[in-house]
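In what follows, a structure is listed as structure tokens, so that the remarks can point back to it.
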Amino acid sequence: MPRNAHFRFKQFTIRQDQCAMKVCTDACVLGAWADVEDADRILDIGAGTGLLSLMVAQRNSYAMIDAVEIDAEAFYQAGENVEQSPFHDRITLFHSAVQEFVSDHLYDVVITNPPFFQSDLLSPIDKKNIAHHAKSLDFEELLVAIERLLKPEGKFNILFPVDEGERFAEKAAQAGWKLTRKMTLFHQEDKKAFRLLMLFQRPEFAHNVHVEDDLCIYEQDGVTHDRRFRELLKAFYLKF
């Protein structure tokens, strides 16, 4: 079995040999950082391996979680990961593009690590394009889907590379969303920021002031994990 065919967490294991997008640190940070408290129903857009759904299910012990995934192989592998987890009775997977996904209810929270690199050159491998690029889901379509599926008072958590995230935040503001929480992620303090994690709400329901934070994965030596990073991920990572 390839070395990266699976990733073991404290309460579940992610098998990922059939998925274009493997478990990555920034997605783990999103799963641990996202605001999912007091949510009865959560939607994961672009489930991939099922990582975010499983992390959210571990953090919120009662929420029902729906996860939408367009790629067939990722959908089936996510199903395997969910089924073999302690949270299988609260997570339902749907093989669908979110643009076509229809639900009987609205959601309290959306969490998504969507396709990015909107303007980058496309890979010749189509599965990589779907996972890495906004070929199948652009900013406008994503915002329309969230508007349609989220309760008026709901909130959505999202992860992007920095440049893409700044462009998305502008689009979201134009569509009437307020950025209420943001984390900028660095590999280490002296390196360039590489990811933005953002929380959006409708202004009339956004009672919190805008909160910004920075997080480094590593200390200055580039080897030792930062104390705050360890604290954030300690419920999930075996080595913490």
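The values are calculated or read from the model by the stated rules, or taken from the named source; none is laboratory data. Worth saying up front: this structure is predicted, and the values here are computed from it rather than measured. We place every Cβ from the backbone using ideal geometry, glycine too, and count neighbours over all the protein chains shown. The protein model used for the area step is the full one, side chains on, heavy atoms only, and it has no ligands, DNA or RNA in it. Shrake-Rupley method; radii C 1.70, N 1.55, O 1.52, S 1.80 Å.
Around Glu212, with a cut-off of 9 angstrom between Cβ atoms, what is the net charge of the other residues, counting Lys and Arg +1 and Asp and Glu -1? My count for the surroundings of Glu212 gives 0. With the whole protein complex present, Leu106 retains an accessible surface near 80 Å², based on a 1.4 Å probe. Full extension of the chain segment joining Leu238 with Gln11 gains 80.8 nm, where the gain is 0.36 nm per residue of separation less the Cα-Cα distance.
How much solvent-accessible surface does Lys239 expose, in Å² to the nearest 10, with a 1.4 Å probe and all protein chains in place? Rounded to the nearest 10, the figure is 140 Å².
Sorting Thr25, Thr180 by solvent-accessible area of protein heavy atoms yields Thr25, Thr180, largest first, with a 1.4 Å probe.
For the cross-link pairs Lys182/Lys239; Lys171/Lys239; Lys10/Lys182, the ones whose C-alpha atoms lie over 30 Å apart are Lys171/Lys239.
Placing Thr49, Thr224 in order of accessible area, with the largest value first and a 1.4 Å probe, yields Thr224, Thr49. For Glu73, the accessible area of its heavy atoms, probed at 1.4 Å with every protein chain present, is near 90 square angstrom. Accessible surface ranking for Lys151, Lys192, Lys234, 1.4 angstrom probe, highest first: Lys192, Lys234, Lys151. Extension gain, His95-Arg148: 0.36 nm per intervening residue step, less the Cα-Cα distance, totals 17.2 nm. Charged side chains reduced to their Cβ positions (Lys and Arg at +1, Asp and Glu at -1) give the chain a dipole of some 620 debye around its Cα centre. Distance between the modelled labels on Glu212 and Arg230, one decimal in nanometres: 2.9 nm (7 Å Cα→Cβ projection). Taking Cα centre as origin and charging only the Cβ of basic (Lys, Arg, +1) and acidic (Asp, Glu, -1) residues, the dipole magnitude of region 148-240 rounds to 480 debye. Using the Cβ of Asp221 as centre and a radius below 12 Å, the other residues enclosed give a net charge of -4, where K and R count +1 and D and E count -1. Taking the charge dipole of the chain about its Cα centre, with +1 at Lys and Arg Cβ atoms and -1 at Asp and Glu Cβ atoms, the residue from Ile45, Tyr76, Val209 reaching farthest to the positive side is Tyr76.
If the segment from Thr25 to Leu106 were pulled out straight at 0.36 nm per residue, it would be longer than the present Cα-Cα gap by 26.2 nm.
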